[in-house]
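Visitor: After the structure tokens below, expect a handful of questions from me.
The values are calculated or read from the model by the stated rules, or taken from the named source; none is laboratory data. Every value quoted in this text rests on a predicted model; they were computed, and no experiment measured them. Note that each Cβ is placed from the backbone with ideal geometry, even for glycine, and that neighbours are counted across all protein chains shown.
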Amino acid sequence: MSETLLSSLQRGSHQAMKEIYRLYWSAIFDAALKKMGDEALAQDITQEIFISLWENRKTIKLSGSLCAYLYGAVKYKVINYFKSGSIKEQHQNALKALMDEQNTAAADDKLILKELHSEVDHAIALLPEKMQLVFSMSRKQEKSIKEIAAELNVSVQTVKNQISAALKLLKKSLSYILLIAALIGLT
């Protein structure tokens, strides 16, 4: 039967092609699905096999059965699929999506960090004037306690007390910010 179908197909019979498709589509799809593990890809491969069968109908020379030819076509289509880099392309697309997601997260983190710095600067601005000056010289200008004491003409202990008091006040007023920073992993 498959020999007469193949002969009719080679002569260009659409009816023979429909019959071959009806007889073999399910088996070829199942074979492709077992090899690919993805229904959409298995359908694509199965369709390509039948399209190729129709397009090459005049030049097909079978040494075995039509069924064996179609199963062999599945094997070669699957091999060509993996060789063609389609899997590589899928992995590259997944990696790009992951990197885009990370870039978006990094931009969000930068925005949050900017807001946190703004809140800290605001809290520092609310400190008493002398305490604000000592703290700013210590943390922003990175001056030593001795340098600050000499520049402001106060004792080293006074500078230490001012910095300690400033840290306590800032810690108290910024406790919610420290919690947010810890939650998003910035501390």
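Visitor: In the set Lys168, Lys96, Lys110, which member is basic (Lys, Arg), in a helix (DSSP H, G or I) and modelled with pLDDT of 75 or more?
Guide: Every option except Lys168 fails the conditions.
Visitor: Follow-up. Residue by residue through segment 136-155, note down the ones that are within 23 Å of Asp121 (Cβ to Cβ), part of a helix (DSSP H, G or I) and not aliphatic (A, V, I, L, M).
Guide: If the condition is that a residue be within 23 Å of Asp121 (Cβ to Cβ), part of a helix (DSSP H, G or I) and not aliphatic (A, V, I, L, M), then Ser136, Ser138, Arg139, Glu147, Glu151 are the ones that fit.
Visitor: Within segment 27-54, track down each residue that is among the small types (Gly, Ala, Ser) and either within 15 Å of Ala73 (Cβ to Cβ) or surrounded by 15 or more Cβ atoms within 10 Å (Cβ to Cβ) (or both).
Guide: Within segment 27-54, Ala27, Ala31, Ala32, Ala42, Ser52 meet the criteria.
Visitor: Select from segment 29-46 the residues that are aliphatic (A, V, I, L, M) and in contact (Cβ under 8 Å) with a residue 40 or more places away in the chain and write down the one among them that is farthest from Asn80 (Cα to Cα).
Guide: Ala31
Visitor: Please count how many residues of segment 139-159 are modelled with pLDDT under 85 and surrounded by 12 or more Cβ atoms within 10 Å (Cβ to Cβ).
Guide: Final tally of qualifying residues: 1.
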